[in-house]
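Pasting a structure below so you can have a look.
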Amino acid sequence: MAEKGDSSNLTTVLSYGSNHPDQLSTRLEVSKDYLLAKSFPCALEGFTRAYGRISKRWNEGSVATVVPQEGSRVLGYACQLNGSELELLNGFEGYPKVYRREKVDLTRPDGTVVKGEVYIMNIVEPFNDPCAEYLLACQKTEKTYFDLQAGIENPYSSPEDVKITVKRAADLNEMFVHPR
């Protein structure tokens, strides 16, 4: 795949849901090697992964978001995206209607904090249990954190090592519930 776009104005974006390297590279129309070369493991401190909305793409199951939760952290990986890549990803994330982007601090495994952005769901109701395929995709994304940290060239070769807990977003933070 040919890589494209201007690399002078990059936005660091956290992947924590289904955007594991295979899916994200397909969405951005770039090779996985190119994507991984500009990615690093990181955590979003003070947040937890939760699920909301209904996704037709994921068998009518809910999909991931992050919600504030003191003492928690979301593991994933960040990728530095150029403008055209960010525009493509915005389309897949339903930005700005379904998800909004917020500026956050991301923590690398060595404790270094970097500025980045994260997609956060605007309205999390209704809720259905996420489908097994979606949870596997989330496992692959979280496993990428550990594999990038360890320098493994083929990330998430065994995603079953990572356990994903399903939390209903609306139960964690009432500000995310759609007003009735």
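Counting Lys +1, Arg +1, Asp -1, Glu -1, what net charge surrounds Thr112 among other residues with beta carbon under 13 Å of its beta carbon?
Value of the local net charge: -1.
Hey, could you get me the Stokes-Einstein D for region 9-109, Kirkwood radius over alpha-carbon pairs, 4 °C and 1.567 mPa s, rounded to whole µm² s⁻¹? Don't skip to the end; give the middle numbers.
Numbers: Rh = 14.2 Å.
Reported coefficient: 91 µm²/s.
The numbers here are math on the coordinates, done by the rules we state, and not lab data. Here the structure is a predicted model, which means the values were calculated and not measured. Cβ sites come from the backbone with ideal geometry, for glycine too, and all protein chains shown count toward neighbours.
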